[in-house]
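Asks: The structure's right below; bear with me while I get my questions together.
The values are calculated or read from the model by the stated rules, or taken from the named source; none is laboratory data. Not measured: the values here are computed from a predicted model. Note that each Cβ is placed from the backbone with ideal geometry, even for glycine, and that neighbours are counted across all protein chains shown. For the accessible areas, the whole protein counts, side chains as well, though only heavy atoms, and no ligand, DNA or RNA atoms are used. Shrake-Rupley method; radii C 1.70, N 1.55, O 1.52, S 1.80 Å.
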Amino acid sequence: MQIHSLSLDDFSSSDYNLIGIHSATEDYRLAYLLNLHLQLNLHRSRFDIDVKNKNSSALFSLYEFVDQTTENAWFLISNYCKNNIVEHNLSLFSEHETVSYLLSEKKKVDYFLKLEGDFSTKNIHNIIETINKIPQIITSYSIDTNKLKSKESLII
């Protein structure tokens, strides 16, 4: 009997591009700005990305838009999540905040724009150019997904 093993690549779309976005803007505001400048219709997904670690769980906000004419999918994903941890002791100030990252090797990136579908290199360049013209955006750039160690976090 022949055995077929499955890998992570069997379940994830390898046909996607990733854009890193640096911005101090809140996620809902950034989605609005991207909708305005790129003529998208990003909306909050019914589900956030839930990443469970050894001791905690983190929810990363997710906005999505599927273009019905081109069948391209756009996802705006937050790279960080702030968690308040309450320690059970008698101290008055026993709560502290921790930050979790979706892709820990890209800690300086605030948001990812994941583009699934048929996007040419020229299209990606034009998208990045348009994003960089938005005043609330510090910078944006293409990320090589082949060099990411934890790309399984981007499976949506």
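Asks: Please work out how much accessible surface His43 shows to a 1.4 Å probe, ignoring ligands, DNA and RNA, in Å² rounded to 10.
Replies: 90 Å²
Asks: Could you state, as a whole-number percent, how many of the C-alpha pairs of region 103-156 are farther apart than 15 Å?
Replies: Of all Cα-Cα pairs in region 103-156, 55 percent lie more than 15 Å apart.
Asks: Follow-up question, since we're still on this one. Per-residue HN-Hα couplings for region 18-24, Karplus 6.51 cos²θ - 1.76 cosθ + 1.60 at θ = phi - 60°, whole Hz, x for Gly and Pro?
Replies: Per residue, the Karplus-derived 3J(HN,Hα) values read 10, 10, x, 10, 9, 6, 8 Hz.
Asks: Less than 29 Å apart at the alpha-carbon level, and either on another chain or at least 8 residues along: which lysines does that give for Lys133?
Replies: Within reach: Lys82, Lys106, Lys107, Lys108, Lys114, Lys122, Lys147, Lys151.
Asks: Measuring from label point to label point, each 7 Å out along Cα→Cβ, what is the Gln39 to Tyr141 span in nm?
Replies: The modelled label-to-label distance comes out at 2.9 nm.
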